[in-house]
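Read-outs throughout are calculated quantities, based only on the coordinates presented, and are distinct from any laboratory measurement. Fair warning: this is a prediction, and the values are worked out from it, not measured in the lab. Cβ coordinates were reconstructed from backbone atoms using ideal geometry, including for glycine residues, and neighbour counts include every protein chain displayed.
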Amino acid sequence: MLTKFRVRNFRNFKDWFEVDLNTDRSYEFNNHAIEDNVVKHGAIYGKNGGGKSNLGLAILDITCHLTDVYISSLLKNNYLNAFSDLELAEFEYHFVFDNQEVVYKYGKFSIESAIYETLTIGGVEVVSIDRRDSEIATYNLVGSENLKNDFTGRTISPVKFLKSNALLDHNYMNEIFDKFLSFVSGMVFFRTLTKSQESYGQPVSSSRVSQVIIEQDMLNDFEVFLNNAGVQCKLKQSGSQGEEIIEFDFGDKSIEFSQVASTGTLSLGNFYFWYLKLKSKDITFAYIDEFDAYYHFSLSRLIVQLISETNSQTIITTHNSTLMSNNILRPDCYFVLDSESLTPLHKLTDRDIRKAHNLEKMYRSGAFDE
């Protein structure tokens, strides 16, 4: 899992900005949201324009040079902080796999390739390069001894090159290395919009949402999901093979789902697409931005409950204070973002927060204002 992240000189993060998902709290409720003293399911609150979306994009930056994802032109624009004199955007990730810490640091001029990289496993440096000094990479994994390490004229990451070209021996360090790259390949940032899907990270199938639901034989489950979400309906499948669509079944008449569904229902359809991926374990880490922009507060609670029951590590962003409840997550899983820090609720007050406390009431009354 991701345990800590730091970034500077990227978009609105001029100075070092840290996300620390480690926790030492011993709350005896909603322990499903914590795994090995790390926040597995968290929620971020912050003002409009405060950087919630950019934080998600910063965390997903790692996928832009370690995987084969499509890089949107929107991500390439305004990459470096406009007020900084630094030439590089710098990123630092801390992960834990099988109780071993993996630390990956790099700096970039632009989104596509890193200028320097260092990867350590259990305190041992296993990959490094600094193109400002030399185009020669160093490797320290069994099986990488004869791997080409001269990257003159090439922008590929040595970490990615090692994964793609070396036949690494089966030992503990190499297994941790593989788990690190598998985790990165499963990271995703997404928004559940209406008629479109906005996502970065893990490649998304070009298939329509309805087609994916039908191909996975999940139409009945999708119908149950919508009804539980308050959309009373009956669904049916129609269309020829490869062109299947979902329709609302009104008995003597049926209408294509996308033609009559409300904005919120269309958003639910897109969320369900991602929910299937979360349940299937295709996604290791999901940063879900503005997930409830079109949802009633009770529906938002249902969505958070479904997300927190998956095996993926997840962070959602929201303005919905009704979700700030000890009946849903824990005080160490709710974070408040400002221009300088991301802080869990329990560190924003001197009070000893207990399960009976009304977090939303405390938040609205300013109890967490520093």
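Here are some pairs, Lys108/Lys347; Lys52/Lys347; Lys236/Lys277; which of them have Cα atoms lying more than 30 Å apart in this structure?
Too far apart for the 30 Å limit: Lys108/Lys347.
Treating each Cα of the chain as one equal point scatterer and applying the Debye formula with no solvent, the log10 of I(q)/I(0) at q = 0.10 Å⁻¹ comes out as -0.70. Rounded to the nearest 10 degrees, what's the angle between the helix 219-228 long axis and the longest principal axis of the chain, both from Cα atoms, 0 to 90? Taking Cα atoms only, the helix is inclined about 70 degrees.
Which percent, to the nearest 5, of DSSP beta bridges fully inside the chain are antiparallel? Intermediate results must be reported in sequence, preceding the final value.
Working: 54 of 69 bridges.
Bridges in the chain are about 80 percent antiparallel.
With a 10 Å radius around each residue's Cβ, average the other Cβ atoms per peptide and rank 41-54, 282-295, highest first. Please report the intermediate quantities before stating the final value.
Numbers: 41-54: 18.3, 282-295: 21.8.
Final packing ranking: 282-295, 41-54.
Electrostatic bookkeeping for Glu244 treats Lys and Arg as +1 and Asp and Glu as -1; over the other residues with beta carbon under 9 Å from its beta carbon, the sum is -1. For Lys40, the aspartates and glutamates whose Cα comes closer than 15 Å to its Cα, not counting residues fewer than 8 places off in the same chain, are Asp20, Asp24, Glu309, Asp332.
Which whole-number percentage describes the relative contact order of region 192-317, with Cα contacts under 8 Å and a sequence gap of 6 or more?
Numbers: 134 pairs, mean separation 31.3, N = 126.
So the answer I get is 25 percent.
Summing Lys and Arg as +1 and Asp and Glu as -1 over all other residues whose Cβ lies under 11 Å from the Cβ of Gln313 gives a net charge of 0.
The distance linking region 320-370 with region 72-107 is 28 Å (Cα centroid to Cα centroid, whole angstrom). For Lys234, a cut-off of 15 angstrom between C-alpha atoms picks up these aspartates and glutamates, skipping any fewer than 8 places away in its own chain: Asp221, Glu223, Glu247, Asp249, Asp252, Glu256. Would you mind giving the average projected area, over all directions, of the Cα convex hull of region 115-271 in nm² with one decimal? Taking a quarter of the hull surface, the average projection is 14.0 nm².
Considering only alpha-carbon pairs that sit under 8 angstrom and 6 or more positions apart, the relative contact order computed for the chain is 19 percent. Each residue of region 209-263 gets 83 Å³ once the volume of the Cα convex hull is shared out per residue.
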